[in-house]
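Remarks on the structure that follows.
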Amino acid sequence: MKIRFLICSILCCGLYNAYSQTELCIVGTFHNESSYINSDSIYNILLKAKPDVILIELDSTLFTDNFNFDLNKYPDLLSTNENIGAEKYHSQHKVDLRPFDMTGRNEYYKETNYFDNQNKMWSEVLGLYERSELSKKDKEDVELIRLVMNYNGMTFSSVKDLNVNMMVKFLSLREKIIYSKMVSIVENTEKLYHWIDFARQWEAHWYERNSIMADNIKKIANDYKNKRIVVLVGLEHKPGLLDLLQESTDFVIQEYWTY
């Protein structure tokens, strides 16, 4: 009898290991509240997905040693849809939170004056465009950038609308257009030469950051084998992360609405 029980136990364990797997669910979001997404949207997605761990698009320095939001140092952390929704779910269901963004992200932005320079560069490009001081090709590229930058006039009614396959494919194309065309315009236009170094750094940083985030997701997934992981990330990062993660055999990628 004992031997039969032991054999059954071994077989059950073998079947569990064969069929259990790590699940990765990447949810593309917008950080700020709108008519179709807010912190409650995020919380309800988490209720549906029932994750064992929630990955947050933040620098590890914004967390305590126990992986809680460091609200004493950074009280404004609970100001985005993802952070508010994740903290609510975390506090009620006692699941783990983990940061997965590049370390030193915010310091990098400050040191390079990243967003201010990004806006100034684009403003100068638009100024030359409006004064007809760009080549025909570069003018057409500006028009293409403007078209995709505003999501081609798309409208959304839910977080699912942001994450469907058609939208992910559009965002992948959008990313390639914006970064490559912007660098090309700067390199082709003498009046924009002072932006060449920044434009190249700006493009490289986007892809480097996606790569670092994907590597961090893989590391965390290795720590949570046979668990369900929900990744909350800015929508425009989702195509790049999927490209970098979808070939992995360490987990399966699911959409939150399949749960």
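The values are calculated or read from the model by the stated rules, or taken from the named source; none is laboratory data. Remember, predicted model here, so these are calculated numbers, not experimental data. Ideal geometry is used to build each Cβ from the backbone, glycine not excepted, and the neighbour counts take in all protein chains shown. We work out accessible area using only protein heavy atoms, side chains counted, and drop any ligands, DNA or RNA first. Shrake-Rupley method; radii C 1.70, N 1.55, O 1.52, S 1.80 Å.
Restricted to the range 122-146, and to residues there that are under 12 Å from residue 191 (Cβ atoms) and either part of a loop (DSSP other than H, G, I, E, B) or not charged (D, E, K, R) (or both), the residue that is most open to solvent (accessible area, probe 1.4 Å) is 131.
Residues in the range 149-166 that are under 21 Å from residue 38 (Cβ atoms) and assigned to a helix (DSSP H, G or I): 151, 159, 160, 161, 162, 163. Given the criteria charged (D, E, K, R), out of contact with any Gly (no Cβ under 8 Å at 6 or more places or on another chain), under 28 Å from residue 156 (Cα atoms) and surrounded by 18 or more Cβ atoms within 10 Å (Cβ to Cβ), does residue 228 qualify? Against the criterion (charged (D, E, K, R), out of contact with any Gly (no Cβ under 8 Å at 6 or more places or on another chain), under 28 Å from residue 156 (Cα atoms) and surrounded by 18 or more Cβ atoms within 10 Å (Cβ to Cβ)), residue 228 qualifies. Kindly indicate whether any position in the range 181-202 is under 18 Å from residue 231 (Cβ atoms), out of contact with any His (no Cβ under 9 Å at 6 or more places or on another chain) and open to solvent by less than 70 Å² (accessible area, probe 1.4 Å). Checking the range 181-202: not a single residue is under 18 Å from residue 231 (Cβ atoms), out of contact with any His (no Cβ under 9 Å at 6 or more places or on another chain) and open to solvent by less than 70 Å² (accessible area, probe 1.4 Å). Annotation note: of 52, 70, the sole residue that is touching a residue at least 60 places away in the same chain (Cβ under 8 Å) and surrounded by fewer than 19 Cβ atoms within 10 Å (Cβ to Cβ) is 52.
Against the test of being at pLDDT below 95, in a helix (DSSP H, G or I) and either under 19 Å from residue 31 (Cα atoms) or of a type in the set (Gly, Ala, Ser) (or both), the options 106, 83 yield a single qualifying residue, 106.
Yes/no per residue for (1) at pLDDT below 95; (2) under 26 Å from residue 253 (Cβ atoms); (3) of a type in the set (Val, Ile, Thr):
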{"site": "143", "(1), (2), (3)": "no, no, no"}
{"site": "146", "(1), (2), (3)": "no, no, no"}
{"site": "153", "(1), (2), (3)": "yes, no, no"}
{"site": "159", "(1), (2), (3)": "no, yes, yes"}
{"site": "176", "(1), (2), (3)": "no, yes, no"}
{"site": "182", "(1), (2), (3)": "no, no, no"}
{"site": "187", "(1), (2), (3)": "no, no, no"}
{"site": "201", "(1), (2), (3)": "no, no, no"}
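Quick check: is even one residue across the range 161-182 more than 18 Å from the chain's Cα centre (by Cα), of a type in the set (D, E, K, R) and more than 30 Å from residue 52 (Cα to Cα)? Walk me through how you get there before you give the answer.
As a first pass, look at the range 161-182 and keep what is more than 18 Å from the chain's Cα centre (by Cα): 177, 180-182.
Retained after the next criterion (residues that are of a type in the set (D, E, K, R)): 181.
Add one more test, that the residue is more than 30 Å from residue 52 (Cα to Cα), and what stays is 181.
Yes - at least one qualifying residue is present in the range 161-182.
Against the definition (under 13 Å from residue 26 (Cβ atoms), free of Cβ contacts under 8 Å to residues at least 40 places away in the same chain and not polar (S, T, N, Q)), how does residue 244 come out, yes or no? The answer is yes for residue 244. Residues in the range 86-103 that are among the charged types (D, E, K, R) and either in contact (Cβ under 8 Å) with a residue 12 or more places away in the chain or in a helix (DSSP H, G or I) (or both): 87, 88, 96, 98, 101.
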